[in-house]
């Protein structure tokens, strides 16, 4: 089969690979549409997870099943399915402990384009099909469905990790597609005020649609100075970090009230350590909690998020800023995600069927 792969750090291209084999509990799928993620950029150009050779990239797609194992009960050839970016091993001890995304080790539920070939190929393999796939609800376009692989569950997980409650004042740092879904999730959770850090006009306009009330630009001074000015020096109840670098945490802590919580879902592609300001952290006793997590994967998550979109409670289409047709445009979309033109939010490649 033909596939687009990371050849080594900083280098990618089309390769030929054997079609993956299907285990008894697994499925083989072919993409209907694929989306490019900033994580692909971190992996390919920054070497964030180390060297990889001839590893097929990609972890966001909507697909059609072409083969199932003989132990698969709920899916059949021809089914159109949602595919989560995180596909845990559901019989693992980590899953039983409530941390399925780490099944088999730290972050090991993230298989696609990490230690297993991803979805940017004519065919790809899904482990534990009954546990990880979900039927594509009627009425959801495959292009939009790609947002349910990673952007929606990751953004919403930031909201969960921050434990946003009714009436909270919330700060969302970074309003790329994940941050935009954090804004949407915070609004659904009942936040009374949502302050966003971001500068790109396209993202700001979409953030307003999802419920953002205020905007902060790093170009106008420090995040903390601007947020404290907006809140009369009180700070915020909750913070979702969906962008930035290791130094972003220091600013976030300075924006927090005592008892506030951070939910981090930002993939830190570089840097050795995270600095926490001692005084603003209450010299270690300020009850300022920092939670960071990889999004949950699996079928139940996909079914619930799919139902949210199908019911009209969540519109993911504003995330899709660019749509390309055909595999031949995949590289163009990938490089666009790397270069991030001003009008970009999320590029998707539709595969004609």
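The values are calculated or read from the model by the stated rules, or taken from the named source; none is laboratory data. Here the structure is a predicted model, which means the values were calculated and not measured. Glycine gets a Cβ as well: all are built from the backbone with ideal geometry, and neighbour counts include every protein chain shown.
Report whether or not residue 33 is at pLDDT 95 or above, outside any loop (DSSP other than H, G, I, E, B) and in the same structural domain as residue 336 (by TED's automatic domain parsing).
yes
Can you list the helices (runs of 4 or more DSSP H) found entirely within the range 205-313 that contain at least 2 residues being under 13 Å from residue 173 (Cα atoms) and in contact with a helix residue (DSSP H, G or I) (Cβ under 8 Å, 6 or more places away or on another chain)?
Details: elements: 223-230, 248-254, 299-310.
Correct list: 223-230, 248-254.
Return the residues of the range 123-134 that are on the phi < 0 side of the Ramachandran plot and out of contact with any helix residue (DSSP H, G or I) (no Cβ under 8 Å at 6 or more places or on another chain); say none if nothing qualifies. Give the derivation first.
Here is the first cut: in the range 123-134, the residues on the phi < 0 side of the Ramachandran plot are 123-127, 129-134.
The answer is 123, 124, 125, 127, 129.
Go through the range 162-180 and count every residue that is surrounded by fewer than 24 Cβ atoms within 10 Å (Cβ to Cβ) and assigned to a helix (DSSP H, G or I).
So the answer is 0.
Here is a list of conditions, (1) touching a strand residue (DSSP E or B) at 6+ places or on another chain (Cβ under 8 Å); (2) crowded, with 19+ Cβ neighbours inside 10 Å, and residue 39 meets all of them except one; can you say which number that is?
(1)
Residue-by-condition table, conditions (1) free of Cβ contacts under 8 Å to residues at least 24 places away in the same chain; (2) surrounded by fewer than 23 Cβ atoms within 10 Å (Cβ to Cβ); (3) within 22 Å of residue 44 (Cβ to Cβ):
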position: 118; (1), (2), (3): no, no, yes
position: 122; (1), (2), (3): no, yes, yes
position: 126; (1), (2), (3): no, no, no
position: 130; (1), (2), (3): no, yes, no
position: 138; (1), (2), (3): no, yes, no
position: 147; (1), (2), (3): no, no, yes
position: 151; (1), (2), (3): no, no, yes
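If you go through the range 238-249 one residue at a time, do you hit one that is outside the structural domain of residue 111 (by TED's automatic domain parsing), surrounded by fewer than 20 Cβ atoms within 10 Å (Cβ to Cβ) and farther than 30 Å from residue 100 by Cα?
No.
Please verify whether the range 264-287 includes one or more residues that are within 21 Å of the chain's Cα centre (by Cα), surrounded by 20 or more Cβ atoms within 10 Å (Cβ to Cβ) and at positive phi.
no
Could you check the range 4-19 and list, in sequence order, the residues that are farther than 15 Å from residue 333 by Cβ and within 25 Å of the chain's Cα centre (by Cα)?
First, pick out the residues of the range 4-19 that are farther than 15 Å from residue 333 by Cβ: 5-11, 15-19.
Across the range 4-19, the qualifying residues are 5, 6, 7, 8, 9, 10, 11.
Does residue 107 count as under 16 Å from the mean Cα position of the chain (by Cα) and under 23 Å from residue 292 (Cβ atoms)? Please lay out each step first, then the result.
On the way: under 16 Å from the mean Cα position of the chain (by Cα): yes; under 23 Å from residue 292 (Cβ atoms): yes.
Yes; evaluated as a whole, the condition is true for this residue.
Take the conditions under 17 Å from residue 342 (Cα atoms), in a helix (DSSP H, G or I) and under 19 Å from the mean Cα position of the chain (by Cα) and apply them to residue 183. Does it pass? Reasoning before the result, please.
Numbers: under 17 Å from residue 342 (Cα atoms): no; in a helix (DSSP H, G or I): yes; under 19 Å from the mean Cα position of the chain (by Cα): yes.
No, not satisfied.
Right, residue 72: in the same structural domain as residue 305 (by TED's automatic domain parsing), buried (at least 24 other Cβ atoms within 10 Å of the Cβ) and touching a strand residue (DSSP E or B) at 6+ places or on another chain (Cβ under 8 Å) or not? I'd like the intermediate steps shown before the answer.
Details: in the same structural domain as residue 305 (by TED's automatic domain parsing): yes; buried (at least 24 other Cβ atoms within 10 Å of the Cβ): no; touching a strand residue (DSSP E or B) at 6+ places or on another chain (Cβ under 8 Å): yes.
So residue 72 does not fit the description; no.
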